[in-house]
Amino acid sequence: MASATVPLLDDDTIPFGEEDEMRDPSRAGQKYTHPYVTFFHLFFRGAAIVIYMFCGWFSESFITSFVFVVLFLSADFWTVKNISGRLLVGLRWWNYVDDDGVSHWVFESKNSESYQSRINKHEQRVFWLGLILCPVFWSLFFLLALFGLKFKWLLLVMIAIALNAANLYGYIKCNYGASKDLNSAATDFVKTQLFKNAMDIMTKPSAAQPPTNVRPTGVV
């Protein structure tokens, strides 16, 4: 980066990495330590997809459908960028302009072992699955709108892809370093996720096997 120091965000009330101070101690040991954040991480982007798919059932107005989908997409972009990324996986990306008018992109990650050990693995899995699967759905909608010659819907889908892809790109860069090439970072990310899922399956405790009946030996 050209700038020697990175300024603090104006709305950075809680310093990055100190989010644990707000964690509810009563949720320690539970499956989800941030249930509301996890819910809204999926709710806004899922609602945008559902509205896009079924808006024709409730209204024939393209403008109404367009506005509602964009509202949910915007809420999702802000939530994922500013809240769920910090709390669920310890990542953050943002932009600032220095005194010379040069724009800088900042990709931050809390990679210390002590911090990573406190990240909830269930929430981490939900975060990445939601971040990856939704752009896949919008890409399919793009192809359907393109080949169906629905050009007005094509604009809406392109907005959705841009907002979803921005968060996906930013968090992949956070997770694997801002200086790393995106193609190699994406490849490493897929390999890592497959390895983690395979290890989870292999290390999952199996159900206790019932003891086999042992035939007692007797004197003939």
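Considering only alpha-carbon pairs that sit under 8 angstrom and 6 or more positions apart, the relative contact order computed for segment 29-189 is 25 percent. Of the accessible area of segment 29-189, computed with a 1.4 Å probe over protein heavy atoms only, carbon and sulfur atoms account for 68 percent.
Fraction of C-alpha pairs exceeding 19 angstrom in segment 119-175: 37 percent, rounded to a whole number. Rg ratio for segment 29-189: its Cα radius of gyration over 2.2 N^0.38 Å, N being its residue count, equals 1.14.
Remark: spin-label model distance residue 147-residue 82 equals 4.0 nm, labels positioned 7 Å along the Cα→Cβ axis. The stretch between residue 154 and residue 64, if pulled fully straight at 0.36 nm per residue, gains 30.8 nm over its current Cα-Cα span. Protein-only accessible surface at a 1.4 angstrom probe places the residues 143, 149, 154 in the order 149, 143, 154, largest first.
The values are calculated or read from the model by the stated rules, or taken from the named source; none is laboratory data. Keep in mind it's a predicted model, so treat the numbers as computed, not measured. A quick note on method: Cβ atoms are made from the backbone with ideal geometry, for glycine too, and the neighbour counts reach across all protein chains shown. With ligands, DNA and RNA removed, areas are computed over all heavy atoms of the protein, side chains included. Shrake-Rupley method; radii C 1.70, N 1.55, O 1.52, S 1.80 Å.
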